[in-house]
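The values are calculated or read from the model by the stated rules, or taken from the named source; none is laboratory data. Please read all numbers here as calculations on a predicted model, not as lab measurements. For neighbour counting, all protein chains shown are included, and Cβ atoms are generated from backbone atoms with ideal geometry for every residue, glycine included.
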Amino acid sequence: MRLLNKAFLLAAAGWLTGTVGFGQEEGIATFRTDVRRVVLNTTVVDSRGHLVTNLPQSAFRVFENGVEQKILQFRREDIPVSMALVVDNSGSMRDKRQRVESAALNLVKASNPQDEVMIVNFNDEAYEDVTFTSDLKKMEEGLTRIDARGGTAMRDAISMTIDRVREAAKKDKKVMLVVTDGNDNMSSISLERLLQKAHESGILIYCIGLLSQEDKREAKRAKRALDALATASGGAAYYPNDLNEVEKLAQQVAHEIRNQYVIVYSPTNQALDGTFRQVKVNVTGPNRPVARTRSGYYATPEPAKRQQVSQASSR
C-alpha cells in the first residue's frame, strides 16, 4: 500500500501544476446573478484513447436537454486546482496499502505552490486528515496517518468530501481522486443520492478501483458505482490488473486534468426550477474524437458565497 500511495501522490502532484491565467478571471467559473452560466471542463480523446488538445472552438457543439447552446467562452488552459485525495484505508485494503501510500506521497511532493490539496482517509468513517493546503509537510503527515482497518464506507466518504470541497476550496477547478477497492459495506447514503450530489457539485471525480479478483459479484457492484460517479462528473474510472500499474494511471489522470478544454455557455433556459439538465458535447475532427464532460447539472441557485465572489469579480 505504501508504493501505491506514492504513485497516487505523484499523479496528484502532476495535475496540480497550473498557470495563473484562468484563476485571475474568477467570473468565468462562477454563476452570476444576472446571467447564469455553465462551465464544462471537457476531455477529448481519439479512437485510440489518446488525448486531443489542439481543436478549435468550431469543432465543438454543446447541447442542453437536446437544445444546442451558444458557446460564450472557450479555451484550453492548465489552471490551478483544488484537489481532494480520498484514500481507502479499510481492512480490505491492507495488502495494498504500502503501494497506495507511496503513490500518494509522490503525488503530493510534485504539487505546485499555486494549487491546494486536502486529504481524506476513510474506513467505516471518513477523516479529513488535511484540510486544503499547499504545505507539503502537512500533506505528508496526513498521508502517514493511513492505517488499514475496519469496514468500508466509500459513498459516505465521497459525500463528505464533496461537501468539504464546496465549502472550502479556493480554486475554480475542483478535482477529486479516489483510490479504493470499492467494497462498500458501511455507507448510509445511496448511490442515487450521491450521484445527485456529484452533479450538483461540478467536481471532476476520478477513481482508481483496486477491485477484488476473488469476489466477482462484489467487484461488479463496485465497478458500477465508480463508473457512475466518473460518468456523472466528467472524470474517469480505471481498474489496474496489477498494483504496479497504479503509478502510471495516476500520472495519466494528472496529464488529462492539465489538458482539458474549458467551455462556458449561458443556457437558453435560465429558469432555476431545480430540474436536471442533461448536457452533451459533440466534437468533430481527425481520428473520430469523443468529448467527455459532466453528464448534466441541477438548475438550482448557487450558494450566496459563490454569488458574492462572482459579483466582486465583475466589478
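The residues in region 245-289 that are more than 22 Å from the chain's Cα centre (by Cα) and free of Cβ contacts under 8 Å to residues at least 40 places away in the same chain can be counted, and the count is 4. In this structure, does VAL44 turn out to be closer than 22 Å to ALA271 by Cα, touching a strand residue (DSSP E or B) at 6+ places or on another chain (Cβ under 9 Å), among the β-branched types (Val, Ile, Thr) and at pLDDT 95 or above? No: the conditions fail for VAL44. Somewhere in region 9-17, is a residue of a type outside the set (A, V, I, L, M), at pLDDT 75 or above and under 26 Å from ASP156 (Cβ atoms)? There is no residue in region 9-17 that is of a type outside the set (A, V, I, L, M), at pLDDT 75 or above and under 26 Å from ASP156 (Cβ atoms). Only a single criterion out of (1) of a type outside the set (A, V, I, L, M); (2) closer than 24 Å to LEU194 by Cα; (3) touching a residue at least 40 places away in the same chain (Cβ under 8 Å) is not satisfied by TYR239, namely (3). Looking across region 236-267, just one residue is surrounded by fewer than 19 Cβ atoms within 10 Å (Cβ to Cβ) and of a type in the set (Val, Ile, Thr), and that is VAL264.
With respect to the stated conditions, ASN41 is part of a strand (DSSP E or B) and of a type in the set (S, T, N, Q). Out of VAL290, VAL253, VAL262, one residue alone is of a type outside the set (Ser, Thr, Tyr), in contact with a Phe, Trp or Tyr (Cβ under 8 Å, 6 or more places away or on another chain) and over 30 Å from VAL100 (Cα atoms). It is VAL262. Within region 67-98, being under 17 Å from the mean Cα position of the chain (by Cα) and either part of a helix (DSSP H, G or I) or under 22 Å from VAL178 (Cβ atoms) (or both) holds for ILE79, PRO80, VAL81, SER82, MET83, ALA84, LEU85, VAL86, VAL87, ASP88.
Got at least one residue in region 49-63 being surrounded by 17 or more Cβ atoms within 10 Å (Cβ to Cβ), within 30 Å of TYR298 (Cα to Cα) and at pLDDT below 95? No, region 49-63 has no match at all.
Of the residues making up region 261-277, those that are in contact with a Lys or Arg (Cβ under 7 Å, 6 or more places away or on another chain) and either of a type in the set (S, T, N, Q) or in a helix (DSSP H, G or I) (or both) are SER266, GLN270.
Each row is one residue, and each column tells you yes or no for (1) farther than 28 Å from ALA168 by Cβ; (2) not assigned by TED's automatic domain parsing to the domain that holds ASN41.
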{"position": "LYS197", "(1), (2)": "no, yes"}
{"position": "SER212", "(1), (2)": "yes, yes"}
{"position": "LYS220", "(1), (2)": "yes, yes"}
{"position": "ALA225", "(1), (2)": "no, yes"}
{"position": "LEU229", "(1), (2)": "no, yes"}
{"position": "LYS248", "(1), (2)": "yes, yes"}
{"position": "ARG277", "(1), (2)": "no, no"}
{"position": "THR300", "(1), (2)": "no, no"}
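If I filter region 268-291 down to residues being out of contact with any Gly (no Cβ under 6 Å at 6 or more places or on another chain) and among the charged types (D, E, K, R), which single residue comes out as surrounded by the most Cβ atoms within 10 Å (Cβ to Cβ)? Only one residue tops the list, namely LYS280. What residue, of VAL130, VAL165, is hydrophobic (A, V, I, L, M, F, W, C) and under 27 Å from ASP227 (Cβ atoms)? VAL165 is the lone residue from the list that is hydrophobic (A, V, I, L, M, F, W, C) and under 27 Å from ASP227 (Cβ atoms).
Taken together, MET118, MET154, MET176, MET186 contain a single residue that is surrounded by fewer than 23 Cβ atoms within 10 Å (Cβ to Cβ), closer than 25 Å to TYR239 by Cα and in the same structural domain as VAL246 (by TED's automatic domain parsing), which is MET186.
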